[in-house]
Structures are given as structure tokens and as C-alpha cells.
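The values are calculated or read from the model by the stated rules, or taken from the named source; none is laboratory data. All of these numbers come straight from a predicted model, not from anything done at the bench. Glycine also receives a Cβ, built like all others from the backbone with ideal geometry; neighbour counts cover every protein chain displayed.
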Amino acid sequence: MNPDITLKITDREGVLHEIQAPTDMAMNLMEVVRSYELAPEGTIGICGGMAMCASCQCYVKSDHELPEMGEEEEAMLAEAFYVEDNSRLGCQIPITPELDGLEVELAPES
Amino acid sequence: MIKTDILIIGAGPTGLFTVFEAGLLKLRCHLIDALPQQGGQCSEIYPKKPIYDIPAYPEILAGDLTDKLMEQIKQFEPGFTLGERADTIDKQEDGTFIVTTNKGTKHHAPVVAIAGGLGSFEPRKPPIPNIADFEDKGVEYIIRDPELYRDKKVVISGGGDSALDWSIFLTDVASSVTLIHRRNEFRGALDSVDKVQELKDEGKLTLITPAEVKGIVGGDKVTGVEVHKKDEEPFIIETDHFIPLFGLSPKLGPIADWGLEIEKNAIKVNNALDYQTNIPGIYAIGDVNTYPGKLKLILCGFHEATLMCQSAFQRIFPDKKYVMKYTTVGGVDGFDGTRKEAPKAVIKSIN
């Protein structure tokens, strides 16, 4: 079985990328974005994925069921900028088979 | 003018360990950091988080790693310029450098080692369209002198420790304090949250949640802020100062204009040799540099710092012979007169 899923990611310039992401490498959405260099290094994943900087904020466009927000993510989003109702931190979304077809848009750099 | 052998930009783990490796070569170091304390990201972003890949430490808190590094380098008496950002660099005719901070402090050294991590930590500025017009005219992102707020009306926004702590502190200084946060929950230390609750109940502090400041009103200076609450008409609160406290985020900043080759927000260096940049005498080590295969790990920064110091030594003393010595063999001679050494073996004959 192919452990990859397809993700549709719109970068900060508005360009849509349809990419493959592995579900067996313990990756999260922020790391997938970094591995494809969809946002410049140093502008995403600054804290390394601890939900402590919000540089990986994204807007979820499809109606996939995502893991519930933890307290750290909620608190960080409460202090982030450009937050919308569909905002999530990419580093808190593990890549699982259920997310096949997920559509997200990266939030502006802040 | 501060004079040293190796001027280190950035007092994170890589910068701090450089002091040790330089000290073994009898080179003195001085460090500049925009933050008011040592440790870089380790102390600013995640002091209470564990790190598992520091060799020989199965687990160590980032804050403890900083403390241990400070202890390890103590005998080499590093100098520190903290709370100032390295802004400009000027190469002298003799090949040495003068680095000047945003506060005008000048540092002179034959070698500059940039260990700047992801850059200098700058306050995160909320995206309020006209906020830049009011900077230092009532909008402050950092509280430098609390006396500025004596008998003034103050609005603070944010939900972390600094927003809570300053709100508490300023109730005794300002004529009024209003704290605005996007949620009802705060993520600061429990004591601080309780104290804010108490001050609110006593009427000494106004709390507006969940709400957001989305505009600033005023002419030459701030006279009020526009507050948005969900399902309510925006309203104006009169104030003399607006202090958004949303934490800090690192920006490469002025270093990007030093004429160094930059790639992916990092400084290109020679990984095959000594981590020197395209400008001889300026090195870049740790998270701030890039080369094929680069990994932004503390342990890689330590390695890079070690090789860099050897090259710096040769640059400063081109004719001096030197071979690397194990600390177990050579001991550690501090600039403070202390000496650490392995205990001598006891030799005794058996009759």
C-alpha cells in the first residue's frame, strides 16, 4: 500500500501546490510544507514545532476531521495575528491517511 | 570601545560554547545579544522544554543547558553586551572589524563569529494598519522604563506572562490599566492569573475579553484605541499608551545587509574548512549558517564553533605553531587564574 497522501496547499503568494506527503514518517503539516520549501526557511517552523510561535499557522479549507486542538495550540492561536475561525497550527496536525485530499492555505508571515 | 579577540554575535548555546573552545586557545571572547539574557531561543522560547539529543545528556531542559554552558565558560571571563542588537560592521584597514550596536556600543575584534540563530528577537507587532505612525508616540512594544507610565492611562494587549506581569506591575504606577485579550483564558503563570483576577475584582484593573484592539486613534500621539468584541459594535477606549505584548520573534535583521552571501534566510559558509563566510575574518556558526546538508541542531553548532576557533587562531596568529590538546591532558587554564586538571596518578612501589 502506498503510504503517501495528497495535500493541496496554497502558499503565501496564492500559488496552489498539489503534493504527496508520507504518512509513515511521523511528519506534521508544517514539516511537509518545509520539506517542499513552500515557504522560505526561517519564516515557518521557527520554534521547531512546539506550538510556540504560530509561524506555521494555516487556514483549513476542506472539511476533513482534524485532531482536536490542544491547550498549547489554542493559547498560541489566541496570541497570533491574522487568525480566522479555520486557523490551525500546521505543526499540530500529524499526517495520517484520513487527511488524504486535505486543502489548506498558509497564513501570512508575521 | 570594547576590544576582544573573537566578537560573537549571539549568546545562544553555539555562541556560548565558542567561548570555551576559544579559551582553550587563549583567545578572549565578547558576546552581543539583542535579548537581555543569555541562552538565545533556549531561554527565550522554551526554557522548560527538554532536549534529548545533547550528547551524554539523555534529557536536559533548555534552560539548564544554558546554565551549564555559562558554568563551563565562566573561567574564560566572557564579556557581554546584552539587550543590544549588532547593527553595523566596518572593516578596518588592518583587516579587523568594528561592530556597532543599535545603542551605539562599539566593539573591536580581529575575528567576528556570527552565531545569531534565526536572527535577533524583535517584538511581534500586531497588524494594525496605522500602528507604525504611533511607535514611540504612545505605542511601545517593550516596556523599558515603567516611570513613563506614571499617572497615565495604559492599555495592554496580549495573553501571556509579560502581558499579565506588566498589567499587575503598572496598576501601582499608571492612573488606569486596561488589559485586553482575545480569549477569556490566559496562559501565564497561575500566580499571575490569580493576581490579575484579584486586581480586577478590586476594581484596580479593567479586563476586556474576548476582545481585540484593531485601531489606534490620535494625532501627534495616541489618545485611544478601537476595541472589537464579537457581536458588538467597536468602541473606543481613551488611553495615553497602548502596549501590545505578543512575544518576540527572530528576524535576521541588519546582518542581512553586511554584504554576506545569504541563502534561505541563512549565511552561506565553507563547511569543508572553517565556516568562514564570503568575507574573510567573518564566520557564521550554528543555526544562522547554511551549507549543503546543514542541520539546525545545537550539537552541530558546537562542532562548527570548535573548528571555527582553530581557524580564528590561525588568522590572529598566522606564524604561531599549535596543535590541538585534549582537555584531559592539558587541563583548562582560566583567564581568572583557576586551573582544572586531571588528578595525577599515584605511583608507589610495592616491596
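A residue that is within 14 Å of chain A (Cβ to nearest Cβ), in contact with an Asp or Glu (Cβ under 8 Å, 6 or more places away or on another chain) and buried (at least 18 other Cβ atoms within 10 Å of the Cβ) occurs somewhere in the stretch B:121-130. Mind checking which residues of the stretch B:131-161 are of a type outside the set (Gly, Ala, Ser), under 19 Å from B:Asp240 (Cβ atoms), in contact with a Lys or Arg (Cβ under 9 Å, 6 or more places away or on another chain) and within 14 Å of chain A (Cβ to nearest Cβ)? Selection gives B:Ile131, B:Tyr141.
Being within 14 Å of chain A (Cβ to nearest Cβ) and surrounded by 14 or more Cβ atoms within 10 Å (Cβ to Cβ) is a property that holds for B:Leu164. Residues that are out of contact with any Phe, Trp or Tyr (no Cβ under 9 Å at 6 or more places or on another chain) and under 25 Å from B:Asp257 (Cα atoms) occur in the stretch B:39-50; there is at least one.
Within the stretch A:82-110, the residues that satisfy the criterion of being within 27 Å of B:Ser157 (Cα to Cα) and either of a type in the set (A, V, I, L, M) or surrounded by fewer than 17 Cβ atoms within 10 Å (Cβ to Cβ) (or both) are A:Tyr82, A:Val83, A:Glu84, A:Asp85, A:Asn86, A:Leu89, A:Leu106, A:Ala107, A:Pro108, A:Glu109.
You will find that of B:Gly334, B:Gly286, B:Gly259, the residue that is within 30 Å of the chain's Cα centre (by Cα), in the same structural domain as B:Gly79 (by TED's automatic domain parsing), surrounded by fewer than 16 Cβ atoms within 10 Å (Cβ to Cβ) and on the phi > 0 side of the Ramachandran plot is B:Gly259 and no other. Return yes or no: is B:Val177 within 31 Å of the chain's Cα centre (by Cα), of a type in the set (A, V, I, L, M, F, W, C) and surrounded by fewer than 20 Cβ atoms within 10 Å (Cβ to Cβ)? So B:Val177 fails the test.
When the stretch A:38-70 is limited to residues that are more than 22 Å from B:Ile262 (Cα to Cα) and facing chain B (nearest Cβ under 8 Å), the one that is surrounded by the fewest Cβ atoms within 10 Å (Cβ to Cβ) turns out to be A:Met50. Just to check your reading of the model, which residue among B:Ile267, B:Ile237, B:Ile216, B:Ile255 is out of contact with any Lys or Arg (no Cβ under 8 Å at 6 or more places or on another chain), of a type in the set (A, V, I, L, M, F, W, C) and part of a helix (DSSP H, G or I)? Every option except B:Ile255 fails the conditions. Identification of strands (runs of 3 or more DSSP E) wholly contained in the stretch B:57-140 with 2 or more residues that are within 15 Å of the chain's Cα centre (by Cα) yields B:79-82, B:86-91, B:120-123.
Going residue by residue through the stretch B:22-42, is there one that turns out to be within 14 Å of chain A (Cβ to nearest Cβ), without any contact (Cβ under 8 Å) to a residue 24 or more places away in the chain and either more than 24 Å from B:Asp161 (Cα to Cα) or among the hydrophobic types (A, V, I, L, M, F, W, C) (or both)? Among the residues of the stretch B:22-42, not one is within 14 Å of chain A (Cβ to nearest Cβ), without any contact (Cβ under 8 Å) to a residue 24 or more places away in the chain and either more than 24 Å from B:Asp161 (Cα to Cα) or among the hydrophobic types (A, V, I, L, M, F, W, C) (or both), which makes the answer no.
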